[in-house]
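A quick write-up on the structure given underneath.
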Amino acid sequence: MAAPPKPEPINPEDLPELARAVVREAKFPMLASIDGDKPRVRPVSPVQVDDADLTHYVANLRSYHKTKQIEANPNVELCYMAPNHDQLRIEGAAETVTDRAVLESIWESNPLLRNYLGSIDNPEMIIYQIKPTRIRFMREWALEYHTVEP
């Protein structure tokens, strides 16, 4: 039996940049929410990510089932896996963005959102802000998470 691969050591000071690199490389995280007593996971496409603290903004439609899930329990987790299999897990509460300036900034920077929804005032549009309460990074094969302080 072959020995398992040895992960590259991690300097704790490098964790914030390693976390940001996973976000840049993976692009599309999985969003986990709770549906009653069942977990639900689906890929999402963040419409904006704050590089400083990894706050994520995720677009959603009011008619989607996850809207009801998040209303009932706003605690969610985003999970990224980079092409090299490094993982990043971001826990937080999904809060509906109501600040018009934030919505306008996201709207203006996202042609796909504009094309799909047609108007910033489309009642179907919801933008969730997920501000991290816990961020964990794991290098492939390390089998150990490291807490990231952005």
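Table for the structure above
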{"quantity": "Region 119-132 residues that are free of Cβ contacts under 8 Å to residues at least 60 places away in the same chain, paired with ones that are exposed (fewer than 14 other Cβ atoms within 10 Å of the Cβ) and not β-branched (Val, Ile, Thr) (beta carbon under 7 Å, 6 or more apart)", "calculated": "Ile120/Glu104"}
{"quantity": "Identity of the residue in region 68-81, crowded, with 18+ Cβ neighbours inside 10 Å and not hydrophobic (A, V, I, L, M, F, W, C), that ends up farthest from Phe137 (Cα to Cα)", "calculated": "Gln69"}
{"quantity": "Counted residues, region 91-118 - those being more than 15 Å from Val49 (Cβ to Cβ) and in contact (Cβ under 8 Å) with a residue 12 or more places away in the chain", "calculated": "7"}
{"quantity": "Pairs with Cβ under 9 Å, 6+ apart, first in region 33-55 and closer than 17 Å to Cys79 by Cβ, second assigned to a loop (DSSP other than H, G, I, E, B) and of a type in the set (Val, Ile, Thr)", "calculated": "Val49/Thr55; Leu54/Val148"}
{"quantity": "Residues within region 7-63 that are more than 29 Å from Trp141 (Cβ to Cβ) and either among the aromatic types (Phe, Trp, Tyr) or outside any strand (DSSP E or B) (or both), tallied", "calculated": "8"}
{"quantity": "Selected residue (criterion: surrounded by the fewest Cβ atoms within 10 Å (Cβ to Cβ)) from residues of region 5-45 that are of a type outside the set (A, V, I, L, M, F, W, C) and in contact with a Pro (Cβ under 8 Å, 6 or more places away or on another chain)", "calculated": "Pro43"}
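Just so you know, all these numbers are worked out from the coordinates, no wet-lab data involved. Please read these numbers as outputs of a predicted model, since none were measured by experiment. Cβ sites come from the backbone with ideal geometry, for glycine too, and all protein chains shown count toward neighbours.
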